Amino acid sequence: MEARCHIMMLRQENLPFQQLPVLDFLLQLSGIKDLEFDPVLGLVAVSGAITAFFAYLPSLVAGYYARKIFEPGKPIKIQGRKGILAGISPVHALIEEDGRLTTIPNSVFIEEAVRQ
């Protein structure tokens, strides 16, 4: 109930939180009863999440296209490494070199020349 009181206080103060019903629902679902919501800390947390997402975005996009273009099991030359493309995950590619697996970020597929 106390979390709901804090949410009500945020609503009464007309703070620019558009998603308060969602926050209220998540708090009820998680069972948190007492929550002091600091808008500055919330902004920092959201900023960090957005920054992390954009850090992985090039690898995610490159991985999508790399899976359409490159075939696992075929020889590949990438970042000066030669090996067999073992697979492509959403964020990195696995290259088998001399019996060892090496991971390379998928963003390399859009930043450098890759040969198969």
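Just so it is clear, none of the values below were taken in a lab; they were calculated from the coordinates. Being a predicted model, the structure only gives us computed values, none of them experimental. Positions of Cβ are generated from backbone atoms using ideal geometry, with glycine treated the same way; all protein chains shown enter the neighbour counts.
Structure notes:
- The number of residues in segment 69-103 that are in contact (Cβ under 8 Å) with a residue 40 or more places away in the chain and touching a Pro at 6+ places or on another chain (Cβ under 8 Å) comes to 0.
- Residues being loosely packed, with under 14 Cβ neighbours inside 10 Å and closer than 17 Å to residue 110 by Cβ - total across segment 82-94: 2
- When residues of segment 98-116 are limited to those that are β-branched (Val, Ile, Thr) and within 23 Å of the chain's Cα centre (by Cα), the one farthest from residue 60 (Cα to Cα): 102
- Qualifying residue in segment 37-57 (condition: without any contact (Cβ under 8 Å) to a residue 12 or more places away in the chain, out of contact with any Gly (no Cβ under 7 Å at 6 or more places or on another chain), part of a loop (DSSP other than H, G, I, E, B) and more than 28 Å from residue 114 (Cα to Cα)): yes
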